[in-house]
Amino acid sequence: MVRKLLWALGARYRLHARDLPGRPDIVLRGRRLAILVHGCFWHQHPGCPLARTPRSRPEYWPQKLRKNQERDARNLIALRELGWTVLVIWECEIAHPEAVQTRLRLVLAETAPLVKRASHSSTGLREGPSDS
């Protein structure tokens, strides 16, 4: 759903960038924007009913879910230190596409595309074979 909304807004993206911390779900390199779509259970969305801890294996789940949160925090910091804007969209938010679309529009407006380097032709250098 998030990818469909981005496409409808004219944004083009790549998926799961291996060269970035945490392999963000959606990456808009020209805007230096990373979008993380988090499952409420696995990433423990604060205050969300989907983030409840299972009763089975009480020695395993709290530690596992806490490690997920710690990893998420490290990846978020690392992305921001690299100059990336990070947007987290939670699983429970997907039920409200209008609200997600509004957030996407705002972050796209805030992250204008980076200007591409000037081509050789604008510097007076010729491209292709010379006439001489």
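The values are calculated or read from the model by the stated rules, or taken from the named source; none is laboratory data. Remember, predicted model here, so these are calculated numbers, not experimental data. In this analysis, Cβ positions are derived from the backbone assuming ideal geometry, glycine residues included, and neighbour counts consider all displayed protein chains.
Worth pointing out:
- Residue count for the stretch 15-57 under the criterion of being more than 17 Å from Arg80 (Cβ to Cβ), of a type in the set (Val, Ile, Thr) and at pLDDT 95 or above: the result is 1.
- Restricting Thr111, Thr102, Thr85 to residues that are under 17 Å from the mean Cα position of the chain (by Cα), within 18 Å of Val2 (Cβ to Cβ) and at pLDDT below 95 narrows the list to Thr111.
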